[in-house]
Each structure stands twice: as C-alpha cells, then as structure tokens.
Amino acid sequence: QRYCRDVYRGQLASVHSSARNQELQKLAQTYKIISPWIGAVTGRRAGKWESYWEDSSPWNYANWAPTHPWHVVTTCTTLCIRDGLWRSRFCFQLRPFICQY
C-alpha cells in the first residue's frame, strides 16, 4: 500500500462488484501478473474478525476462495488470475500489485 501511494500516488485496488473483479482479473492475465495484491485486509477490530479496504471504501462485495479469509493473524489479499477468487496471504510477502488512482 505504501509503495503504491508513495511511488504511484494511488492505492491498492478495492473491488466493489463482480464486473470490477473480472476486469482486474483480465488485466492481471494480460500482463501475466500471478496473484497480485489488492487492497483488502482481514484482521481483528474490536475483538471481531473483519475484512476492510485499505482505501476505507465500504465493504460491499467479496469473492473469497473456500477456507478464506484466514482468521488467525492479520492478512492481506491476492486476486487469483486463474479463477478470480481472493486468498489470504501474509502481508510481508513481496508480490506484484494492482494500484488504482
């Protein structure tokens, strides 16, 4: 998120519809970007596990793969270019990402 903001003056992509999810999936496929970061984070807030967008936009759509998101530690989210499903990943992993402006 910080790199996206500091270098590109954007933020990690938030996804609010199936159409947008498919658009980002196709974009990643075009550039052969496997499992890029998107802006969803899952963590504990006020003692409850919840997912939220880094850009603070409303959480009104999700496309999680089975068994995701993880509710063990705070995780970030990747978009799978094969199936368009989201998966929890440890946030410290270096991966490609999708910025929005």
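None of the figures in this text is laboratory data; all of them are computed from the coordinates on show. A quick note: this is a predicted structure, and the numbers were derived from the prediction, not measured. No Cβ is skipped: glycine too gets one built from the backbone with ideal geometry, and neighbour counts run over all protein chains shown.
Here the spin labels are modelled as points 7 Å beyond Cα on the Cα-Cβ line, and at ASP83 and TRP70 they lie 1.7 nm apart. Packing order of peptides 8-16, 90-98, highest average first: 8-16, 90-98 (average count of other Cβ atoms within 10 Å over each peptide's residues).
About its Cα centre, the dipole of the chain is roughly 160 debye, where the only charges are +1 on Lys and Arg Cβ and -1 on Asp and Glu Cβ. Rounded to whole numbers, the Karplus 3J(HN,Hα) couplings from phi for the stretch 65-73 are 6, x, 6, 10, x, 6, 10, 10, 9 Hz, using 6.51 cos²θ - 1.76 cosθ + 1.60 with θ = phi - 60°, and x at Gly and Pro.
The gain in end-to-end length when the VAL7 to LYS32 segment is fully stretched comes to 6.8 nm, 0.36 nm per residue minus the alpha carbon separation.
The gain in end-to-end length when the GLU23 to ALA62 segment is fully stretched comes to 12.6 nm, 0.36 nm per residue minus the alpha carbon separation.
In this simple spin-label model, placing a label point 7 Å from the Cα along the Cα-to-Cβ direction at both ARG45 and CYS91 gives a separation of 1.3 nm. For the stretch 1-70, the relative contact order is 32 percent, taking Cα pairs closer than 8 Å that sit 6 or more residues apart in sequence and dividing their mean separation by the residue count.
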